[in-house]
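The values are calculated or read from the model by the stated rules, or taken from the named source; none is laboratory data. Small disclaimer: the values here were computed from a predicted structure and weren't measured. All Cβ positions, glycine included, derive from the backbone under ideal geometry; neighbour counts span all protein chains shown. Areas reflect the complete protein model, heavy atoms only, side chains present, ligands, DNA and RNA absent. Shrake-Rupley method; radii C 1.70, N 1.55, O 1.52, S 1.80 Å.
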Amino acid sequence: MTDTDGDPDAAGEPPDDPDAYRTVSGRGRAGYTVNGSEFIGHVTPASTVDAAEAFVDEIRAAFPDATHNVPSYRVNADPFREYSSDDGEPSGSAGKPILNVLQGRDIEDAVVVVTRYYGGTDLGVGGLVRAYSRAAKEAVDDAGVEWTVPHEQLVATVDYDDSGTVRGLLESADAEFEASYEAVVRFDARVPAREADDLRDRLRSATSGRVELG
């Protein structure tokens with residue numbers, strides 16, 4: 001669902017969970033040109049600092065000839081982490097305005113990178129603030145905003161005989177997961193943090209302790 005004009009209610013009603021927060025629904029991208037300079041905003045969900053940094057590296061690798069690739073992110077980790085860099089633009093003209101978009105919409109677990117190709121005309125600090133803010137805002141608009149709750153990564157490794165039991169428990173918990181079938185079966189799952197410990201207990205019980213959890 002798309003967020004509109006920073007309206008805090010545009011992502012719908014929050015779930016009945018005091019830990020619920022707003023994040024982007026997926027990847028988004030938007031671009032425009034002002035006075036010859038091209039600005040391209042990119043955004044994606046990121047639940048860890050490593051994931052946020054990996055996206056920044058991905059965009060820099062995809063646009064190596066850009067004049068600037070300006071990153072900002074907010075990660076709902078422990079401790080909470082906010083980061084921005086001007087990547088060579090005048091201080092306060094690029095990274096902070098992008099971060100302000102995430103803060104203003106109360107969006108967490110998200111990373112934005114705005115790519116700029118210089119067009120030959122200086123925009124001034126005020127012009128840069130407006131340009132980077134707009135690129136970030138339109139990328140977030142493209143991605144959409146939704147409510148979510150804190151999640152944990154859970155890895156469950158079992159022999160084939162127990163794989164159906166583990167799969168069934170993960171499905172009943174509405175966990176997002178991927179399974180790899182090799183010498184053993186490995187499930188990489190993403191589960192709500194409040195339910196993670198209970199799910200681990202149920203997995204151990206259902207497999208009589210044969211499951212390896214990580």
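How about region 189-205: which of its residues are touching a Leu at 6+ places or on another chain (Cβ under 8 Å) and open to solvent by 50 Å² or more (accessible area, probe 1.4 Å)?
Residues of region 189-205 that are touching a Leu at 6+ places or on another chain (Cβ under 8 Å), as a first pass: 189-191, 196, 199-200, 202-204.
Once the filter is applied, which keeps residues that are touching a Leu at 6+ places or on another chain (Cβ under 8 Å) and open to solvent by 50 Å² or more (accessible area, probe 1.4 Å), region 189-205 yields Arg190, Arg202, Arg204.
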Checked region 87-105 for anything closer than 18 Å to Glu38 by Cβ and part of a loop (DSSP other than H, G, I, E, B); matches are Asp87, Gly88, Glu89, Ser93, Ala94
Region 158-179: number of residues that are over 26 Å from Pro45 (Cα atoms) and surrounded by fewer than 19 Cβ atoms within 10 Å (Cβ to Cβ) | 6
Conditions: (1) basic (Lys, Arg); (2) surrounded by fewer than 17 Cβ atoms within 10 Å (Cβ to Cβ); (3) within 30 Å of Pro18 (Cα to Cα). Lys137 meets all but one. Number of the miss?
-> (2)
For region 193-208, how many residues are small (Gly, Ala, Ser) and at pLDDT below 95?
-> 2
Matching residues, region 16-72, being touching a Ser or Thr at 6+ places or on another chain (Cβ under 9 Å), polar (S, T, N, Q) and within 20 Å of Asp106 (Cα to Cα) | Thr23, Ser25, Ser47, Ser72
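Take the conditions among the charged types (D, E, K, R) and at pLDDT 95 or above and apply them to Asp161. Does it pass?
Working: among the charged types (D, E, K, R): yes; at pLDDT 95 or above: yes.
Spelling it out, Asp161 is indeed among the charged types (D, E, K, R) and at pLDDT 95 or above.
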In region 109-133, the residues that are in a loop (DSSP other than H, G, I, E, B) and open to solvent by 30 Å² or more (accessible area, probe 1.4 Å) = Tyr118, Gly119, Gly120, Thr121, Asp122, Leu123
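Within region 164-192, track down each residue that is among the small types (Gly, Ala, Ser), in a loop (DSSP other than H, G, I, E, B) and at pLDDT 95 or above.
Step one: of region 164-192, the residues among the small types (Gly, Ala, Ser) are 164, 168, 172-173, 175, 179-180, 183, 189.
Then drop every residue that is not in a loop (DSSP other than H, G, I, E, B), which leaves 173, 175, 183.
Listed by number, the list holds a single entry, Ala183.
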